Each structure stands twice: as structure tokens, then as C-alpha cells.
Amino acid sequence: MTTTDTIAALTAENISHTFDADTNPLPVLRDISIHLPQDSFTCLVGPSGCGKSTLLRILSGLLTPQSGTVTLCGEPVTNPDRNIGYVFQQANLMPWRTVIDNIALPLELSGVDREERESAACDLIALVGLEGFETAYPAELSGGMAQRVAIARALIHHPDVLLLDEPFGALDALTRDLLAEELLRIWQARSSTVFMVTHSISEAVLLADTVLVMSPRPGQIEKTFTVDLPRPRHLRMIHYPEAGRLVRAIRSAIRI
């Protein structure tokens, strides 16, 4: 469990979950407690299949845990909440909608008029560096550009918390590095609480204030690492000796 004197934006207490509990039980998560301070950046790493994505779904309100509670700024999270943005492993854009219309979709579903939602979407297009692509369709975008659209869409409601599930996992190494730096810039500009699942330890060290290590299934938080690299950060910091030591320590803490 992470500990801090700062007010927690999102808190999970004693989360446990088993799939198909009545027929073929598969324990996925066991007694997980997490406290995410406001405006912090936390990364979660661990072996494949340990329950990281399941934990994100629970934190977002998409899945109800069998035991434990999730609270957002002290209020229970029992359903998806507009104050919790979610970026999936794939961009999941609607192919028949343009960039601006994909980003504005949550506002459209909330009944916001076209002028207001397009204005908000244009602000986010500028934030994620997609000026000039407002009327492009998903088929005309690279993978990295599509993920920028997905991040902008998740930010359209100005959420208190942004959950990211391996958002760069399908990208090539160079694009992934560039988007990691872009994510840092966006986070600093928007001042939201970020919780990100990643399989890249160096990416976690570059981005996060805190790196949590999850055990093999059923997943538990086994280790917590504080990242003391100064901010603002840049990509070459991953070659600093202190970053290298932390990457090695985290790698050693991950059990397969």
C-alpha cells in the first residue's frame, strides 16, 4: 500500500476479486489497497496475467469487486464516473467519426451543444499536438496519433483521475518514447492524478512518482518504489545512474 500525508484523489481498500466464483473459481486479486495522492503519477508493473487490467476496471467502476471499496475524493465508486478518465490498450476510436468528433463524443452523450463540445475538443487537439488533423478519420492516423485522440477523449470531462492501461503497448519503440514524453507534458498541463499500467520498467521510472510492483496471480502489491528523479523530466533521464539502479531494483522485485 502506498502511504502519504497528501489527500488521496482515488483510494482502493482491501480489493479482492475472483472470476467464476461459483463454477470454476479463478482468484485474480487479493487484498489490494492503494492510495493515489492528488496530482500524482503512479505506475503499476507486474507479470502478465496478474490482474493489472482487472484492477483498472475496478478502479474505474466498470467492474464491482467481490470485496473491498473504491472511493473518489471520499465518495464510493460503484459505476463509471465522468471524473475518472480511462484510456484502453487500443484507441477504440469510432472509424466513421473524425478526430474532433471522436474527442467530443463524451460531451455529445452528455447533451452538450455542438459549439461548446467542438470548442473543448479543439483545445484538447492543441494540447495533444494534433492541430491540422481535426477532420481526419481514424484510418488516416498512425497508431501514436490514434492514442493521442484516445487520451484527449478521456480528458474531455476534465477528470480528477486518469487511468491508462498499457496505452503505448502496441506502438514501436521510438513512437512509444515520444508519446511518453508527450504524456508527461499533458499531465503537467492538466494537473490530474494518473494511474498507469505498463510492462516497460524504464517507462514507469521515467513517468512516475511511485512505481507499484504486483505479484503473480492472484495479484497483490508486493513492493513500492519512490522515484526521486527531478521534474520536469525528459527522455535522456532514463540513462541517469540513479534511474538505472531503480530499473534494476524493480526488475528484481518482479516475480514471474
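Below 14 angstrom from the Cβ of Ala173, what's the summed charge of the other residues (Lys, Arg +1; Asp, Glu -1)? In short, -3. For the range 1-159, the relative contact order works out to 21 percent when only alpha carbon pairs closer than 8 Å and six or more residues apart are counted. Under 20 Å from the 7 Å Cα→Cβ point of Asp123, by amide nitrogen: which residues of the range 12-52? Counting backbone N atoms under 20 Å from the label point, the list is 39. Compared with the direct C-alpha span, the chain from Gln188 to Ser252 gains 20.0 nm at full extension, assuming 0.36 nm per residue.
Across the range 56-67, computed HN-Hα scalar couplings (Karplus, 6.51 cos²θ - 1.76 cosθ + 1.60, θ = phi - 60°) run 4, 4, 5, 4, 7, x, 6, 9, 8, x, 5, 8 Hz from first to last residue, x flagging Gly and Pro. Let me make sure I get this right: for the range 39-177, a, b and c are the square roots of the gyration tensor eigenvalues over alpha carbons, sorted descending. Under 1.5 in a/c it's rounded, otherwise prolate if a/b > b/c, else oblate. Which is it? Here the range 39-177 falls in the oblate category. Taking His199, His239, His157 as the candidate residues, the one with maximal mean-square fluctuation in a Gaussian network model of the chain, Cα springs under 10 Å, is His239. 3J(HN,Hα) along the range 111-117: x, 6, 5, 4, 4, 5, 6 Hz, from the Karplus curve 6.51 cos²θ - 1.76 cosθ + 1.60 with θ = phi - 60°, whole Hz, x for Gly and Pro. Once you order the gyration tensor axes a ≥ b ≥ c over the Cα atoms, which shape class does the chain get: rounded for a/c under 1.5, otherwise prolate or oblate by comparing a/b with b/c? Oblate, since a/c reaches 1.5 and b/c is not below a/b. Each of the peptides 207-213, 147-153 was scored by the mean count of other Cβ atoms within 10 Å over its residues; in descending order, highest first, they stand as 147-153, 207-213. Length gained on full extension, Glu140 to Met237, computed as 0.36 nm times the residue gap minus the Cα-Cα distance: 31.6 nm. With +1 assigned to the C-beta of every Lys and Arg and -1 to the C-beta of every Asp and Glu, and no other charges, what is the dipole magnitude of the chain about the Cα centre in debye, to the nearest 20? So the magnitude is around 900 debye.
The HN-Hα couplings worked out from phi for the range 85-99 by the Karplus form 6.51 cos²θ - 1.76 cosθ + 1.60 (θ = phi - 60°) are x, 9, 10, 7, 4, 9, 5, 6, 7, 7, x, 8, 10, 6, 4 Hz, whole numbers, x standing for Gly and Pro. Taking amide H as placed 1.01 Å from N in the peptide plane, the amide H of Lys223 sits under 5 Å from that of Val213, each at least 5 places away or on another chain.
Note on the range 92-158: dipole from Cβ charges, positive end direction compared against Gln147, Ala126, Val112; the farthest Cα belongs to Gln147. Summarising the amide proton neighbourhood of Asp39: residues at separation of 5 or more, or on other chains, whose placed amide H is nearer than 5 Å comprise Thr193.
Computed from the coordinates by the stated procedures, all read-outs in this text should not be read as laboratory data. Keep in mind that what you see is a predicted model, and the values were worked out from it rather than measured. Ideal geometry is used to build each Cβ from the backbone, glycine not excepted, and the neighbour counts take in all protein chains shown.
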